[in-house]
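A short worksheet on the structure shown next.
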Amino acid sequence: MSYSHLLVAVAPTPESHELLRKAVEIAEPAGARISLITLSTDPEMYNQLAAPMLENLRELMQEETHQFLQSLSDSTHYPIWKSHIASGELCDHVKAFCQNHQVDLVICGNHNQSFFSRATCSAKAIAGNSGVDVLLVTL
């Protein structure tokens, strides 16, 4: 089966390079598009008392996330069609992105080792809600 648009859910970890390599292996023969999606950490989660500094933290975290996506894109020989930075529940953003951009395969990683952890990880929510095929890569 060939796919026309792959969405790769990445995080600022070295394993994201592995996920992107797998996406390129799938996309390249068919000339499919590849897009990236990641979560930006919300600074409010870290310290409710730091209200005056939250806007600066938010901007800094957005910039770091953007730089990560740019670095990941630059590290591959295959063009990245679109990069998206989300906040909140990843599965909701993946579903919306898939619907709005005609994605037909989502690739995400799974760091969990135990059966219970695998059953409750965010990848399960993505697989159940995205409405498209999902490739879960064990990392």
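The values are calculated or read from the model by the stated rules, or taken from the named source; none is laboratory data. All values derive from a computational prediction rather than experimental measurement. Cβ atoms come from the backbone with ideal geometry, glycine included; neighbour counts cover every protein chain shown. Each accessible area value is taken on the protein alone, full model and side chains, heavy atoms only, with ligands, DNA and RNA left out. Shrake-Rupley method; radii C 1.70, N 1.55, O 1.52, S 1.80 Å.
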| message | Whether any residue in the range 59-74 is in contact with a Phe, Trp or Tyr (Cβ under 9 Å, 6 or more places away or on another chain) and either of a type in the set (A, V, I, L, M, F, W, C) or assigned to a strand (DSSP E or B) (or both) is what I want to check. | response | no
| note | Within the range 75-92, residues out of contact with any Ser or Thr (no Cβ under 6 Å at 6 or more places or on another chain) and open to solvent by less than 40 Å² (accessible area, probe 1.4 Å) come out as 76, 78, 86, 91
| task | Name every residue in the range 5-33 that is outside any helix (DSSP H, G or I) and either within 11 Å of residue 72 (Cβ to Cβ) or more than 12 Å from the chain's Cα centre (by Cα) (or both), in order of residue number. | result | 5, 8, 10, 11, 12, 13, 14, 31, 32, 33
| query | Which of the residues that make up the range 48-92 are of a type in the set (Phe, Trp, Tyr) and at pLDDT 95 or above? | reply | 78, 81
| said: Restricting to the range 93-139, name every residue that is open to solvent by 30 Å² or more (accessible area, probe 1.4 Å), modelled with pLDDT of 90 or more and either outside any loop (DSSP other than H, G, I, E, B) or among the charged types (D, E, K, R) (or both). | reply: 93, 95, 96, 99, 100, 101, 104, 133, 134, 135
